[in-house]
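Remarks on the structure that follows.
The values are calculated or read from the model by the stated rules, or taken from the named source; none is laboratory data. All values reported here derive from a predicted model rather than from experimental measurement. Heads up, the Cβs are rebuilt from the backbone with ideal geometry, glycines too, and the neighbour counts pull from every protein chain shown.
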Amino acid sequence: MNEKATTYPGYVLILKVSLALLVLLGTIMLFSASSQISLERYGNSNAYFFHHLQRLFMALLFGLACYLIDYRTFRKHIRLIYILTLIAVIMPFVQNMISNRSDPARWIRTGVMTIQTAEILRFTLIIYLASYLSGRKETIMSYRQGILPPFITLGIPILLIALAPDFSTAVILFLITCIILYVGGIPLKHLAITTLPLLLGAFVYVRISDYRWNRVLVFLGKESNPSGSAYQINQSLISLANGRLAGTGLGKSMLKNLYLPEAHTDFIYSIIGEEWGFLGAGFFILLFVLIFISLIRLSMDIRDMYGKYIVFGINISLILYALFNMGVTVGLFPVTGLPMPFVSYSGSQLLINGALLGILFRIIRETFHAETVYKTY
């Protein structure tokens, strides 16, 4: 009797273990970081934790659904996916107009749940660029036929995200776009020519907004008022300093007790550093490094260019979000509202990451399915 089994490279196991540890340890840290704010808002210190578990379960279902679908199906329907995404990005603006509200146009409100439109766009962005680059080998070096189509196509919804306003997320979506295009063969000079005017426009957009400009001043060291715009980053640095080498211990953070705003979302890495110290914070960095290297190795082994670009897009998306989240907490970047993947309390991002991982593992399965071993009984 012959038993057919698929063999996988060692880095796939490293990827799976790293992701599992990130989800497990992230859930533990979310439970700790959210206890006080959860008690303050809901009268129950476990509320955010249970919400997170529910979203993890939904992310698992999203991932399973995408795993069961042939990932090439997304390419076949990319135009429809893009149109639906553009409608989704516009919808919050329409909802605000109809209800005469001035809320940020970042979420679609369904009455049952809210969906962050930027995360829908992130999913579509990766799928669209993978489809575009894998089918444009002949024209990729042309300015008009190479870089302009994706910049215009994706630039419209990214601009709407910035105007929502969600400038930090728009920036990271733009960075993901540029990096994928560069890796896909778009000449650097074409990227520079196109992005320089956009960078000038972004500077003007930041400069005319007081709260955005204050964040830049804090980052540049021009604003040090401990109770003003610098309050959040100052509290973050105090939290990290409290952790020293080995941390204060799980659940023993002082800064999460309403001293550090958004300790369970944007600044959860500060609580990790406080409770688990330099060693624990470094271990989270190690997990992301292992994921990054494993996905780079995987993308090099995939022969299907469409799948290759999807894997790279997923990789750079996860790593950039992690990098910016960690960088903000230690003062390397201006304060932004970007959560850490699989660790921060988030809804839409967790669901989209679950869907992306489903596609990722489907690609892994199909890539190595032909490489089989036979065992005789």
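Quick one: would you say Gly327 is in a helix (DSSP H, G or I) and free of Cβ contacts under 8 Å to residues at least 12 places away in the same chain?
Values: in a helix (DSSP H, G or I): yes; free of Cβ contacts under 8 Å to residues at least 12 places away in the same chain: yes.
Criteria met by Gly327.
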Every pair of residues 6+ apart whose Cβ atoms lie under 7 Å, when the first sits in the range 279-302 and is farther than 16 Å from Asn325 by Cα while the second is basic (Lys, Arg) and assigned to a helix (DSSP H, G or I)
Ser299/Lys308; Ile302/Lys308
Number of the exception - Leu260 against (1) within 24 Å of the chain's Cα centre (by Cα); (2) assigned to a helix (DSSP H, G or I); (3) over 30 Å from Tyr67 (Cα atoms); (4) not basic (Lys, Arg)
(2)
Flagged in the range 236-270 as touching a helix residue (DSSP H, G or I) at 6+ places or on another chain (Cβ under 8 Å) and free of Cβ contacts under 8 Å to residues at least 24 places away in the same chain, in numbering order, are Lys252, Met254, Leu255
Restricted to the range 98-116 and to residues being in contact with a strand residue (DSSP E or B) (Cβ under 6 Å, 6 or more places away or on another chain) and polar (S, T, N, Q), the residue modelled with the lowest pLDDT is Thr114
Do any residues in the range 24-45 that are closer than 23 Å to Leu240 by Cβ have Cβ atoms under 8 Å from those of residues that are among the charged types (D, E, K, R) and in a helix (DSSP H, G or I), where the two are at least six apart or on different chains, and which pairs are they?
Met29/Glu275; Ser32/Glu275
Given the conditions (1) in contact (Cβ under 8 Å) with a residue 60 or more places away in the chain; (2) not in a helix (DSSP H, G or I), and given that Leu332 satisfies all but one, which numbered condition is not satisfied?
(1)
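Where in the range 45-109 are there helices (runs of 4 or more DSSP H), lying wholly inside it, with at least 1 residues that are within 30 Å of Asn257 (Cβ to Cβ) and under 21 Å from the mean Cα position of the chain (by Cα)? Show your work before the answer.
Details: elements: 47-68, 72-76, 78-99.
Those helices (runs of 4 or more DSSP H) span 47-68.
Go through Ser317, Ser294 for me and flag whichever is polar (S, T, N, Q) and over 22 Å from Glu119 (Cβ atoms). Talk me through it step by step, then tell me what you get.
Numbers: Ser317 fails: over 22 Å from Glu119 (Cβ atoms).
Result of the check over Ser317, Ser294: Ser294.
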